[in-house]
Structure formats: C-alpha cells, structure tokens
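A short write-up of the structure that comes next.
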Amino acid sequence: MVNKYLSFAKNVGIASVAGLAVGAGAAELAHLVSDNKTLTSIVSTLGEYVAAYSVFLPLHARDNPDLYKDEQGNFKTREFVKDQLKLAGGFVLIDIAYLTGRPIITREFLESGFSPSQASLYADAISYPALIALAVPVAKLTGNIRSKE
C-alpha cells in the first residue's frame, strides 16, 4: 500500500510543477493582452488548475492498472471517472477556496508591483502547501488511493 501513496504523491508533485509553470506563463500572457490585474489573476488560476488536473489524471490512470484495466488490458473508463468524481467531491470545498482565494492573492501581489509570473508563483507559495498537504488524506478517504479490492 505504501507504493500507492508514493505513486499518488509523485503524480501530485509532477502535476503541481506543471500547474505552477502554466499558471506563471498564463499570467504573463494575460498581462500581454490586458492590463486588467483581476483578469490576469483569474486566467493564471484557471490555467494552473486545468493544467494540474490534465497532467495528474493520465498519470494516476497509468500508475493504477490494477484499478483501471480489465483482464484484457482495456481501460475501465467508468471506474476511472467514478473515482475522479469522488476525488473532486472530496476536494469541492478546498477547490472553492483555491479558485476564489488564489486570484485575490495573485491580484494583491500584482497591485504591489510584482511581475505577473512572480505574482502567480508567490500566490502559489501561499496556496499550494495546503492543497498538497490535503491531497493524500482526501484521496485516501475517497478511495483514490487503494489496492484492487
């Protein structure tokens, strides 16, 4: 079972790095298009959120063939989607806090004169520790970290 925890943590780490990079890049791109700091903050947050999940989901599926592949090696889409909906449900309050709080934090850094990418990364330095600390316990509670039953 330790292997499942390590695998999940590795995937969260990889997805987090991808999210950080996309969030910083999206902030810079949004700033090129508009001087609106609120828009830059929102685009950065949404880009980061989508990127992190887009990287995490295939890694999680790949690392759990015992859960998501049948005897013939076919991917069990229904089981995978069901698990990810449970995980999303477990994170709903955390995600709401992140999706509302991070843009506010990012905007404050922008208002203080930081570059868009710096503002994005500094906001992550505040918001990511809580997200990452809660990821494994929520995944365990929702059954995303488990062995084949």
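The values are calculated or read from the model by the stated rules, or taken from the named source; none is laboratory data. What you are looking at is a predicted structure, and each value in this text was computed from that prediction instead of being measured. Please note: Cβ atoms are built from the backbone with ideal geometry, for glycine as well, and neighbour counts cover all protein chains shown.
Take the conditions buried (at least 17 other Cβ atoms within 10 Å of the Cβ) and either farther than 22 Å from ALA30 by Cα or out of contact with any helix residue (DSSP H, G or I) (no Cβ under 8 Å at 6 or more places or on another chain) (or both) and apply them to LEU87. Does it pass?
Details: buried (at least 17 other Cβ atoms within 10 Å of the Cβ): yes; either farther than 22 Å from ALA30 by Cα or out of contact with any helix residue (DSSP H, G or I) (no Cβ under 8 Å at 6 or more places or on another chain) (or both): yes.
So LEU87 fits the description; yes.
For PHE80, indicate whether it is within 23 Å of PRO137 (Cα to Cα), surrounded by 21 or more Cβ atoms within 10 Å (Cβ to Cβ) and of a type in the set (Phe, Trp, Tyr). I'd like the intermediate steps shown before the answer.
Details: within 23 Å of PRO137 (Cα to Cα): yes; surrounded by 21 or more Cβ atoms within 10 Å (Cβ to Cβ): no; of a type in the set (Phe, Trp, Tyr): yes.
No: the conditions fail for PHE80.
Show the residue pairs meeting these rules: Cβ distance below 9 Å; 6+ apart or different chains; first residue within the range 132-149 and within 24 Å of LYS69 (Cβ to Cβ); second residue part of a loop (DSSP other than H, G, I, E, B) and of a type in the set (Val, Ile, Thr).
VAL136/ILE145; ALA139/ILE145
What are the residues in the range 135-149 that are hydrophobic (A, V, I, L, M, F, W, C) and surrounded by 14 or more Cβ atoms within 10 Å (Cβ to Cβ), if any? Show your work before the answer.
Of all residues in the range 135-149, those hydrophobic (A, V, I, L, M, F, W, C) come to 135-136, 138-139, 141, 145.
Within the range 135-149, ALA135, VAL136, VAL138, ALA139, ILE145 meet the criteria.
Has the range 119-127 got at least one residue that is in contact (Cβ under 8 Å) with a residue 24 or more places away in the chain, acidic (Asp, Glu) and exposed (fewer than 15 other Cβ atoms within 10 Å of the Cβ)?
no
Can you tell me which residues in the range 32-47 are surrounded by fewer than 21 Cβ atoms within 10 Å (Cβ to Cβ) and either of a type in the set (D, E, K, R) or assigned to a helix (DSSP H, G or I) (or both)? Full working, then the answer.
At the first step, the residues of the range 32-47 found to be surrounded by fewer than 21 Cβ atoms within 10 Å (Cβ to Cβ) are 32-39, 42, 46.
Of everything in the range 32-47, those that are surrounded by fewer than 21 Cβ atoms within 10 Å (Cβ to Cβ) and either of a type in the set (D, E, K, R) or assigned to a helix (DSSP H, G or I) (or both) turn out to be LEU32, VAL33, ASP35, LYS37, THR38, LEU39, ILE42, LEU46.
Only helices (runs of 4 or more DSSP H) wholly contained in the range 50-149 count here; list those with 3 or more residues that are touching a Lys or Arg at 6+ places or on another chain (Cβ under 9 Å) and either under 17 Å from ALA15 (Cα atoms) or at pLDDT 95 or above (or both). Spell out how you get there, then give the answer.
Working: elements: 65-68, 77-111, 116-142.
Passing ranges, in order: 77-111, 116-142.
Go through the range 1-50 and give me each residue that's over 20 Å from ILE104 (Cα atoms), among the polar types (S, T, N, Q) and touching a Phe, Trp or Tyr at 6+ places or on another chain (Cβ under 7 Å). Talk me through it step by step, then tell me what you get.
Initial filter on the range 1-50 (over 20 Å from ILE104 (Cα atoms)): 1-15, 17-18.
Within this subset, residues satisfying the condition of being among the polar types (S, T, N, Q) are 3, 7, 11.
Selection gives ASN11 alone.
From the list GLY101, GLY89, GLY73, which one is over 20 Å from the mean Cα position of the chain (by Cα) and without any contact (Cβ under 8 Å) to a residue 60 or more places away in the chain? Give the derivation first.
On the way: GLY101 fails: over 20 Å from the mean Cα position of the chain (by Cα); GLY89 fails: over 20 Å from the mean Cα position of the chain (by Cα).
Exactly one residue qualifies, and that residue is GLY73.
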